[in-house]
Amino acid sequence: MTSLPLLDSPVLSRALVAYGHYLSFMVCFAALVLERRLIRPQPDRRDAIWMVITDIVYGIAALGVLGTGILRVLYFGQGSAFYTENPLFWWKVGAYLTVGTLSLYPTITYILWAIPLRKGELPQVSESLATRLKWILNVEILGFALIPLLAALMARGVGRPLLG
Ligand code: HEM
């Protein structure tokens, strides 16, 4: 009896991990765009709660991107040296970490909102805080749009030192 060759080969697991990477990235992007659209001074309770939810979804998906990315480097890609020898890979990791660090500001802001929201009060969001959050989200969205370019170049070996 012949079995499906795909199920026996590492191709399927590689494809699934790659899919996990893309799906996490898409969820991150969608959550950031939604969060960006919701930001406004003095939001009502519903919008404030949605901003917190989109930030949590973004955080979980960002961990998914990181986890699947690490799995691809170590086990399901073209061998870890293929990536670690390429400066574009480190630019990509650096861009991811920069976006991640920037996202601490909105996340800490929303954690502080949990206190008034739990008491049934609205968080105080001034015009300047809303503008600041919007700009941070703009930069994060731009970063997330640029990282796939670095990824596409890196996956094709652009930037790798020439051998021999
Ligand atoms: C530190 C975090 C990350 C690591 C370690 C990582 C690692 C990887 C690896 C190993 C690949 C496989 C390349 C190949 O096919 O040989 C890959 C592909 C890819 N990554 Fe990431 N990644 C990370 C973050 C991200 C982020 C944040 C995004 C999107 C914003 C992203 C988007 C992509 C895309 C689109 C590809 C496919 C490139 C292609 O095949 O053309 N990655 N990543």
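What follows is calculated from the coordinates using simple rules that are stated; it is not laboratory data. What you are looking at is a predicted structure, and each value in this text was computed from that prediction instead of being measured. No Cβ is skipped: glycine too gets one built from the backbone with ideal geometry, and neighbour counts run over all protein chains shown.
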**OP:** List the longest stretch of the chain that has no exposed loop site; here a site is one of the trypsin sites (Lys or Arg not before Pro) assigned by DSSP to anything other than H, G, I, E or B, with at most 10 other Cβ within 10 Å.
**Re:** 1-118
Original post:
Scanning the chain for GluC sites (Glu not before Pro) in DSSP loops with at most 16 other Cβ atoms within 10 Å, what's the longest stretch left with none?
Top reply: 1-84
Subject >> Cut-off under 5 Å, modelled amide H: who pairs with residue 160 long-range >> reply: none
Original post:
So, in Å, what gap is there between the alpha-carbon centers of the range 33-55 and the range 92-119?
Top reply: 13 Å
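Defining a contact as two alpha carbons under 8 Å apart and six or more residues distant in sequence, what relative contact order in percent does the range 1-131 show?
Averaging sequence separation for qualifying contacts and normalising by length gives 34 percent for the range 1-131.
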Original post:
With point charges of +1 on the Cβ of Lys and Arg and -1 on the Cβ of Asp and Glu, referenced to the Cα centre of the chain, which listed residue (39, 94, 114) lies farthest in the positive direction of the dipole?
Top reply: 39
Subject >> Rg followed by Dmax, in Å, when the range 12-155 is reduced to its Cα trace >> reply: 17.1, 53
Subject >> Nearest-ten-degree value, helix 87-102 long axis tilted from longest Cα axis of the chain >> reply: 20 degrees
Original post:
What's the extension gain from residue 146 to residue 98 if we count 0.36 nm per residue and subtract their Cα-Cα distance?
Top reply: 16.0 nm
**OP:** Order by neighbour count: 80, 24, 126, fewest other Cβ atoms within 10 Å first, most last.
**Re:** 126, 80, 24
